[in-house]
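The values are calculated or read from the model by the stated rules, or taken from the named source; none is laboratory data. Everything numeric in this text was worked out from a predicted model, so none of it was measured. All Cβ positions, even for glycine, are placed from backbone atoms using ideal geometry, and neighbour counts span all protein chains on display.
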Amino acid sequence: MPLNRTVIHSDSAPKAIGPYSQAIRVGDLVFAAGQTPIDPATGNLVEGDIETQTRRVLLNIKVVLEAAGSGLDKVVKTTVFMTNLGDFARMNAVYGEYFPANPPARSTVQVAALPQAAQVEIECVAVAQ
């Protein structure tokens, strides 16, 4: 049986900086690639603290999910990559603004580095119907 796989792209999100798609939709599931705090208008990393960068990341995820026929309210799992878990509480406060009720399952890990010296990257799986 052929795989019903659709590449998702939004001009309102940063362009991929490698050979990957912003998201892939398979059936009713959307697998969104990790988003970093890149401003899609300039292609540059958003300067600022962890709160500023987390907001940009979640806005980027939002527009990719919307292009796939989904949204933040349909996210079932996220993975958060941070370069400093000492900033966890501050990232978590912003994250909670975007997932105020019934938040998705989540894993958070500290990594040595992220592309373009970002402080945070988030990937997710969502339902689209």
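Taking the range 40-62 as the range and being over 13 Å from C124 (Cα atoms) and either touching a helix residue (DSSP H, G or I) at 6+ places or on another chain (Cβ under 7 Å) or touching a residue at least 12 places away in the same chain (Cβ under 8 Å) (or both) as the test, the residues that pass are P40, G43, L45, V46, D49, I50, E51, T52, Q53, T54, R55, R56.
In the range 26-45, of all residues being among the aliphatic types (A, V, I, L, M) and buried (at least 17 other Cβ atoms within 10 Å of the Cβ), the one that is farthest from the chain's Cα centre (by Cα) corresponds to L45. Within the range 106-127, residues that are on the phi > 0 side of the Ramachandran plot have Cβ atoms under 9 Å from residues that are among the hydrophobic types (A, V, I, L, M, F, W, C) and surrounded by 12 or more Cβ atoms within 10 Å (Cβ to Cβ) in these pairs: Q116/I38; Q116/L45; A117/L45, counting only partners at least 6 apart in sequence or on another chain. Each residue in the range 1-59 was checked for being out of contact with any Pro (no Cβ under 7 Å at 6 or more places or on another chain) and in a helix (DSSP H, G or I), and 7 pass.
Could you list all residues from the range 58-87 that are surrounded by 15 or more Cβ atoms within 10 Å (Cβ to Cβ) and either modelled with pLDDT under 95 or in contact with a Cys (Cβ under 7 Å, 6 or more places away or on another chain) (or both)? If the condition is that a residue be surrounded by 15 or more Cβ atoms within 10 Å (Cβ to Cβ) and either modelled with pLDDT under 95 or in contact with a Cys (Cβ under 7 Å, 6 or more places away or on another chain) (or both), then I61, V75, T78 are the ones that fit. With respect to (1) modelled with pLDDT of 95 or more; (2) surrounded by 12 or more Cβ atoms within 10 Å (Cβ to Cβ); (3) closer than 20 Å to Q53 by Cα, the lone exception for P115 is condition (1). Sort through R55, R90 and tell me the only one that's crowded, with 17+ Cβ neighbours inside 10 Å and basic (K, R). Answer to the selection: R55.
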